[in-house]
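Remarks on the structure that follows.
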Amino acid sequence: MRYLPLNSEDRADMLARVGVANIDALFADIPKAKRLEHDLDLPPRKTEIEVERLLSGLAAKNVPAGAVPFFVGAGAYKHHVPASVDHLIQRSEFLTSYTPYQPEIAQGTLQTIFEFQTQVAGLTAMDVANASMYDGSTATVEAVAMAHRITKRRKAIVSGGLHPHYAEAVRTYAAMAGDDALVLAPDVFAAETLGALVDEETSCIVVQSPDFFGNLRDLSDIAAICKAKGALLVAVFTEAVSLGLVQPPGAMGADIVAGEGQSIGNRLNFGGPYVGLFAAKAKYLRQMPGRLCGETVDASGRRGFVLTLSTREQHIRRDKATSNICTNSGLASLAFTIHLTLLGDAGLRRLARINHANAVDLADRLAAIAGVKVLNKTFFNEFTLKIAGDAAQAVERMADLGVLGGVPVSRLLPDKGLDDLILAASTEVNTEADRAAFVEALQGVLSC
Amino acid sequence: MPATHYTKSHEYIRVEGETGVVGITDFAQAQLGDVVFVELPPVGQSLSKGTEAATVESVKAAAEVNAPVSGTVIDVNSALGDKPGLVNEDPSGTGWFLKIKLTDAAELDSLMDENAYREFLKTVS
Amino acid sequence: MLMRHGRSLEAAEAAVPETRTFTGNRGLEIEEGLIFEIGRPENTGVDLDEPAPFEHRLGSLERQEPSGLPGLSEPETMRHYVRLSRMNYAIDAGIYPLGSCTMKHNPRLNEAMARLSGFADIHPLQPQASVQGALELIAELARWLMVLTGMDAVAMSPRAGAHGEACGMMAIKAAIAAKGEERTRKIVLVPESAHGTNPASAAGAGFEVRPVPARADGTLDPAAVQERLGPDVAAIMLTNPNTCGLFEKDIVEIAALIHEAGAYFYCDGANFNAIMGKTRPGDLGVDAMHINLHKTFSTPHGGGGPGAGPVVLSPRLAAYAPVPFLCREEGGLRLVEQQSEAPGAFGRIAAFHGQMGMFVRAYAYMLSHGADGLRQAAEDAVLNANYVRAGLRDLMSEPFGDRPCMHEVLFDGAWLKPTGLTALDFAKAMIDEGFHPMTIYFPLVAHGAMLIEPTESESKASLDLFIAALRHLAFAARRGETERFAGAPYQAPRERLDETRAARNPILKWTKPGHLKAAHEGRPRAATPFTIT
């Protein structure tokens, strides 16, 4: 077996040194009746060539985003990732190291976490950021739990513009912990009045911007209302690139920010692994979930970095920890950091402008089709289309024509009377020809 | 003449009249290692004997500081906010945690005096 | 002469110890500043064309303050991160015997497969007809996991082990609620040797945690469990093999007691790598168990993640699995994504469908090994751990008596006590010898714990050197050569770091010198070389 260094001679020598007659003697604590006497009914080992052939065959049954005009978003976005990012994260020293528990021989990982934390704080305009969560949805769940701890209240109000999967996760966790999560009805036009719902029992309001339907939301007013009522504002985003162009949550008064960082440095991966971004005001630092990396010095006075404030975490506080998270999104956060380092502020802003420009162009073209309406007054790189017909069918038929033309809203929000809505996203990877193909496909689908 | 009483969880209370100064013992600070953070209760909070009054954290450990006896918090050592290391340097002096007004002085009888605590330490280490 | 941010070079020079080189570098080991010190916001390593003028749709919400984040050209970026990478230890560079963490070799075939565009470049919400190959892979991986564990169902969406624990505990909570017992069954029993994630996950799912002590041999006594069982107990969370590296030999009896009491058996599967192909958790009475794909099936740890933590479920819990899950229908596989389609499902724990990138890697690992290879991997892991044990047990002390271990061997600090050294000192001295230390101070049930997990990826020669080096250090400790331990490591990119300082005055991000006085005060001098202007 190519991954196992021991050969049968080694094994015999080692068993002798250990002082047992055979390997099964080392498994003697397993009750005899429960031991497997034969290999399980699964195929035997395969060569590298065989595995490659088999998996390539499965991969070939899928339609990659890069192979077609592609406009699917709704919480995960197709962006270009520079080749150097993937090269660097495959460095053995990053790829095959563990959580940096021995800081003297993990300064590489630790310094990149410190850079990541600084970048996330800068991007969101918040005081502090942690070393990552699993993804945007679980970061949102953690943000709500953190708001409960800080306010000692147990009712979260969840905007109808929050990604439905995020809202379901928040609701599931809240139900388990015996907390309240009031999820508002889908809010296509960003018209809900959240402020009126905040009362003395409200721990937090959870609002996403750009929201699930693509609308940009000014959070300043709701932040002020939260402040007056002793509640916290949890701001969520699923498209990190938007922060290059759109007012960041920290500038609008957010107390806690939870976001999805996949857009920067990470590929679509069919939904994971992604990278959850988590930031907060400094005064809430000790209630934050997840790892934090801090700066310090070594015994000879040189700057170095360590994991710090660990007493918040499960390995020390156990059932009183701020979260159960252990493994996070280390390598995906490194990809985020490297890509953002390549971009820099100027590059990120330009990337965001291109996204916005492409989406504006697409929206204008689609709006010109008879029976198609763009519902958004504001948006970044994604918006909601209302079509004369069933959105799910239209998207499938466009797929038959070789265009992946967005997400039918009903896939995430069925039975809500939203069957004629499509979310369409356009990023820097779309060409003018792609957009023209989308227009043509939708036109074709609607006219037949 | 103030008398100091000790708990099995290594808190002390130094009583003068109706008030007592609460902190952790030298043994406790040594077990914890460098103290990096102390969380203190609000003044005015009432505590019952044995319940959590404060938390103390070192780099790798967090511990609860329990009220040795029942009482109301009348003062806390705010210097620990900036200098948690005082707990290590001078646990029975400048590293104190809080002052309480005792509810029932008779509760002190259930605590150890200095000699008894010294004997007790021999059994734990 | 100025450093880039205005600190004088003279002052920096004065602070440099004489043994240091002018640059601070040591041969191949190169000091590297933060991107914030070497980059500039206007620099970039990505060429993008400015779009033609257009009317924006941002309303009044255009960003006012730029992020100010620095950019670097591609060559500078490569150099920065390559230099940083060289300050890391890695499994590719040497044995990484972190007990309970399972640092085994990460096959590069798996990386290549996960990067096939048919897996890496597909969107979780594109039409399901366009991702049938991906769904097939998930279904196949799920089948392997069910066969290997002898369980009935598997929830694939948990992002990591702890997320899987939460998922399993929620399924248990849903099952209890379905029986109308959610008000009474609130207690979860967790042995003191458990990973910290176990009590944290149980608490997060709204349970109260009660400890169960282990007996003198390091395993759980069925009588101790029975004593704590009652109508208020919802579940037990048990790691098997446990964190002391021992198989819970009374597990079948314990499972029966739990079931008799109307409670559920959650097994922490972090150590499944020791028993795959040797026994099946389903046969042992387990109701739910997460599998850390990043441990047992070797998806890389990546400096802390990402992982994946699918949860296998017994028939008692299968109906409560969260969405999404897969259905095989005429015409192919279909994701059930809505709770309305799955009335028993307890809800959803995250967006989308799980860690596909990790699934591809884990499945490639399974296919490569096959049923025979997976069993062999478990056997070799156990053999390697026992070989290390045999090589060290005469010098080090074992907390639970003289008995073979499973995939990891636990020593305690008793043997070190006369030397005055700590497990931490010993671990740091290992760094100077070129090894990553073992896990120390865990599990909590052993004082001064040292938990060594060599995994099946180590050759006999590698283990021989490791054992010889540890023996050498153990003798040095006994001889009283305390200096080589107390100040260690001496040979690493950094000496011992001041964790107290980091925690007392947390500096969690870079701030512009002079920009925020408080955050900058007492800031250590950058080890980074300076720019000569």
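The values are calculated or read from the model by the stated rules, or taken from the named source; none is laboratory data. Nothing here was measured: the structure is a model prediction, and the numbers come from that model. Every residue, glycine as well, gets a Cβ built from its backbone with ideal geometry; the counts of neighbours run over all protein chains shown. These area figures cover heavy atoms from the full protein model, side chains too; ligands, DNA and RNA do not enter into them. Shrake-Rupley method; radii C 1.70, N 1.55, O 1.52, S 1.80 Å.
What to note about this one:
- When C:Ala345, C:Ala321, C:Ala308 are checked against the criterion of being in the same structural domain as C:Glu182 (by TED's automatic domain parsing), closer than 18 Å to A:Tyr173 by Cα, among the hydrophobic types (A, V, I, L, M, F, W, C) and buried (at least 24 other Cβ atoms within 10 Å of the Cβ), C:Ala321 stands alone in meeting it.
- Helices (runs of 4 or more DSSP H) completely within the stretch C:84-189 that count 3 or more residues being touching a Leu at 6+ places or on another chain (Cβ under 7 Å): C:132-149, C:161-178
- For the stretch C:193-217, filtering for residues that are in a loop (DSSP other than H, G, I, E, B) and hydrophobic (A, V, I, L, M, F, W, C) leaves 5.
- Taking the conditions (1) open to solvent by 10 Å² or more (accessible area, probe 1.4 Å); (2) without any contact (Cβ under 8 Å) to a residue 24 or more places away in the chain in turn, C:Pro399 satisfies each one other than (2).
- Residues in the stretch C:57-81 that are in contact with a Phe, Trp or Tyr (Cβ under 7 Å, 6 or more places away or on another chain) and of a type in the set (D, E, K, R): C:Arg57 alone.
- Residue within the stretch A:273-280 that is over 19 Å from A:Gly122 (Cβ atoms), in contact (Cβ under 8 Å) with a residue 24 or more places away in the chain and within 16 Å of the chain's Cα centre (by Cα) present: yes
- Test: residue in the stretch A:99-107 that is charged (D, E, K, R) and more than 8 Å from chain C (Cβ to nearest Cβ): no
- Among residues that are within 30 Å of A:Leu421 (Cβ to Cβ), surrounded by fewer than 17 Cβ atoms within 10 Å (Cβ to Cβ), free of Cβ contacts under 8 Å to residues at least 60 places away in the same chain and more than 22 Å from the chain's Cα centre (by Cα), A:Ala67 is included.
- Only listed residue being within 24 Å of C:Leu444 (Cβ to Cβ), in contact with a Pro (Cβ under 8 Å, 6 or more places away or on another chain), open to solvent by 10 Å² or more (accessible area, probe 1.4 Å) and of a type outside the set (Phe, Trp, Tyr), chosen from A:Leu307, A:Leu292, A:Leu331: A:Leu307
- Taking the stretch C:139-155 as the range and being open to solvent by 10 Å² or more (accessible area, probe 1.4 Å) and over 17 Å from C:Pro315 (Cβ atoms) as the test, the residues that pass are C:Ala139, C:Glu140.
- Test: residue in the stretch A:358-379 that is at pLDDT 95 or above, of a type in the set (Ser, Thr, Tyr) and buried (at least 24 other Cβ atoms within 10 Å of the Cβ): no
- Answer from A:Asp211, A:Asp218, A:Asp179 - the residue that is among the charged types (D, E, K, R), under 30 Å from A:Lys373 (Cβ atoms) and within 10 Å of another protein chain (Cβ to nearest Cβ): A:Asp218
- Of the residues making up the stretch C:259-275, those that are crowded, with 24+ Cβ neighbours inside 10 Å and out of contact with any Gly (no Cβ under 7 Å at 6 or more places or on another chain) are C:Ala263, C:Tyr264, C:Cys267, C:Asp268, C:Gly269, C:Asn271, C:Phe272, C:Asn273, C:Ala274, C:Ile275.
- Residue satisfying all of: in the stretch A:139-162; farther than 20 Å from A:Gly290 by Cβ and in contact with a helix residue (DSSP H, G or I) (Cβ under 7 Å, 6 or more places away or on another chain); farthest from the other protein chains (Cβ to nearest Cβ) among these: A:Ile157
- Single match in A:Thr322, A:Thr337 (criterion: part of a loop (DSSP other than H, G, I, E, B), open to solvent by less than 20 Å² (accessible area, probe 1.4 Å) and more than 7 Å from chain C (Cβ to nearest Cβ)): A:Thr322
- For the stretch C:499-514, a tally of residues being within 13 Å of chain B (Cβ to nearest Cβ) and either under 17 Å from C:Pro70 (Cα atoms) or aliphatic (A, V, I, L, M) (or both) returns 2.
- Per the listing C:Glu136, C:Glu181, C:Glu165, C:Glu192, the residue uniquely open to solvent by 20 Å² or more (accessible area, probe 1.4 Å), charged (D, E, K, R), facing chain A (nearest Cβ under 8 Å) and touching a residue at least 60 places away in the same chain (Cβ under 8 Å) is C:Glu136.
- Residue satisfying all of: in the stretch A:234-272; under 30 Å from A:Phe70 (Cβ atoms) and among the β-branched types (Val, Ile, Thr); farthest from the chain's Cα centre (by Cα) among these: A:Val246
- Scanning the stretch C:23-57 for residues that are among the aliphatic types (A, V, I, L, M) and surrounded by 20 or more Cβ atoms within 10 Å (Cβ to Cβ), we see that the one that is farthest from A:Ala83 (Cα to Cα) is C:Leu34.
- Counted residues, the stretch C:429-446 - those being closer than 13 Å to C:Ser193 by Cβ and either crowded, with 21+ Cβ neighbours inside 10 Å or not hydroxyl-bearing (Ser, Thr, Tyr) (or both): 6
- Look at (1) over 25 Å from the mean Cα position of the chain (by Cα); (2) open to solvent by less than 30 Å² (accessible area, probe 1.4 Å); (3) in contact (Cβ under 8 Å) with a residue 24 or more places away in the chain and you find that C:Gln491 fails only one, number (2).
- Residue in the stretch A:191-213 that is surrounded by the most Cβ atoms within 10 Å (Cβ to Cβ), counting only those that are among the aliphatic types (A, V, I, L, M) and within 25 Å of A:Leu385 (Cβ to Cβ): A:Val207
- Only one of A:Val51, A:Val85 that is part of a helix (DSSP H, G or I), surrounded by 15 or more Cβ atoms within 10 Å (Cβ to Cβ) and more than 8 Å from chain C (Cβ to nearest Cβ): A:Val85
- Top-ranked residue of the stretch A:385-403 - restricted to ones that are within 13 Å of chain C (Cβ to nearest Cβ) and open to solvent by 10 Å² or more (accessible area, probe 1.4 Å), ranked as nearest to A:Phe237 (Cα to Cα): A:Ala392
- Filter pass, A:Asp39 being at pLDDT below 95 and either closer than 22 Å to C:Tyr363 by Cα or more than 7 Å from every other protein chain (Cβ to nearest Cβ) (or both): yes
- The number of residues in the stretch A:351-384 being within 12 Å of another protein chain (Cβ to nearest Cβ) and under 16 Å from A:Asn430 (Cβ atoms) comes to 19.
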